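Everything on this sheet refers to the single structure shown next.
The values are calculated or read from the model by the stated rules, or taken from the named source; none is laboratory data. Predicted model only: the values in this text are computed from it and were never measured. When we count neighbours, we look across all protein chains shown, and the Cβ atoms used for this are built from the backbone with ideal geometry, even at glycine.
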Amino acid sequence: MLRQKIELLFEAKQISNENFIYLQKTLETIELIPISLEDEKVHVLVTHLAMAIARQEKGESMQEMDAAIFKDIAAQEAFPRAKKLWEKLQDDIPVAFSEAETQYMMLHLCQVA
């Protein structure tokens with residue numbers, strides 16, 4: 001179902017071909033951790049990732065997360081695993097992420113890591 005969701009985003013021209021290919025690789029990476037691709041948290045993560053890449057490609061930005069909120073995220077037990085997963089996902093990412101986008105990705109990654 002998640003793969004179909006990504007295909008729909010591509011067919012609707014919400015994501016580029018490069019983004020589409022990257023997201024397929026991302027799913028392969030996520031499959032290596034003990035969580036189902038059908039888990040709602042994974043759907044939220046991948047959808048946010050797709051839209052974040054699209055925003056970066058268009059030069060759009062998000063407002064940075066409140067520092068206190070990000071501090072709470074960074075204090076979570078899952079944060080080191082999430083950070084390691086983010087570093088792995090960034091290996092092939094087609095765009096550079098802003099600090100704000102990175103903070104929101106860490107929020108979602110902590111939910112699945």
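Any residue that is modelled with pLDDT of 90 or more, of a type in the set (Asp, Glu), assigned to a loop (DSSP other than H, G, I, E, B) and out of contact with any helix residue (DSSP H, G or I) (no Cβ under 7 Å at 6 or more places or on another chain) - is there at least one of those in segment 86-106? No, segment 86-106 contains no residue that is modelled with pLDDT of 90 or more, of a type in the set (Asp, Glu), assigned to a loop (DSSP other than H, G, I, E, B) and out of contact with any helix residue (DSSP H, G or I) (no Cβ under 7 Å at 6 or more places or on another chain). Would you check which residues across segment 21-42 are charged (D, E, K, R) and in contact (Cβ under 8 Å) with a residue 40 or more places away in the chain and list them? Selection gives Lys25, Asp39, Lys41.
Only one entry of Gln103, Gln111, Gln76 meets the criterion of being out of contact with any Phe, Trp or Tyr (no Cβ under 7 Å at 6 or more places or on another chain), over 22 Å from Glu38 (Cα atoms) and polar (S, T, N, Q), and that entry is Gln76.
Can you tell me which of Glu57, Glu18 is of a type in the set (D, E, K, R), touching a residue at least 24 places away in the same chain (Cβ under 8 Å), in contact with a Pro (Cβ under 7 Å, 6 or more places away or on another chain) and not in a loop (DSSP other than H, G, I, E, B)?
Glu18
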